[in-house]
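Shown next, in structure tokens, is the structure this report addresses.
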Amino acid sequence: MGARGPKSRPTHLKVIEGERESRINRDEPIPTEGQIRKPEGMSEGAEAVWDELADDLIDKGCLTPWDIYLFEVFCEAVHSFRENRDLLRTEGYTARGSHGGVIKSPHHQIMRDNQQTMAQIGSRFGFTPGDRAGLEIKGADDGPALGSERLLS
């Protein structure tokens, strides 16, 4: 798979930076405001991750009603990562394979898979300094801007 080019910038940044009109989506869908609830059926550990992060993300306008299921996947990945990290510590870094040989513990691969999921999804929520560098939050105290207000703020 080849390079995909730079990530798309948010529409309001394109407007502020004077992007060519043909590259601005003035009809971008915007999630309606509404109460954001934790999805049912999450594991207890994922719920704990949700409780750690959701309120702050909601306050910053980074978690909307449209984002809850993607954020749920992130929370489950963090929980699974933590669970496998703990298992790796208690069971050791090697295991016995099906033919009796010593192999690397499968918890390594599970942790790596979860780490990849966390990085991919976390970037969409601005979880690293590099991810946040491309985000801009204006008027966070007044809640997220909507419609043309969002594009002009």
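The values are calculated or read from the model by the stated rules, or taken from the named source; none is laboratory data. Here the structure is a predicted model, which means the values were calculated and not measured. In this analysis, Cβ positions are derived from the backbone assuming ideal geometry, glycine residues included, and neighbour counts consider all displayed protein chains.
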Quiz item: Of the residues that sit in region 36-63 and are hydrophobic (A, V, I, L, M, F, W, C) and modelled with pLDDT of 95 or more, which one is surrounded by the fewest Cβ atoms within 10 Å (Cβ to Cβ)?
Solution: 48
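Considering each residue of region 98-149, count those that are modelled with pLDDT under 90, not aliphatic (A, V, I, L, M) and not in a helix (DSSP H, G or I), and give that number. Explain how you work it out, then say what you get.
Taking region 98-149 as the starting set, the residues that turn out to be modelled with pLDDT under 90 are 123-149.
In the following step, the residues that additionally are not aliphatic (A, V, I, L, M) were identified as 123-132, 134, 136, 138-139, 141-144, 147-149.
Subsequent filtering for residues that are not in a helix (DSSP H, G or I) retains 125-128, 134, 136, 138-139, 143-144.
Residues meeting the conditions: 10.
Before we move on, is residue 27 free of Cβ contacts under 8 Å to residues at least 40 places away in the same chain, in a loop (DSSP other than H, G, I, E, B), surrounded by fewer than 13 Cβ atoms within 10 Å (Cβ to Cβ) and of a type outside the set (A, V, I, L, M)? Write out each step before concluding.
Details: free of Cβ contacts under 8 Å to residues at least 40 places away in the same chain: yes; in a loop (DSSP other than H, G, I, E, B): yes; surrounded by fewer than 13 Cβ atoms within 10 Å (Cβ to Cβ): yes; of a type outside the set (A, V, I, L, M): yes.
Here the answer is yes, as residue 27 does meet what is asked.
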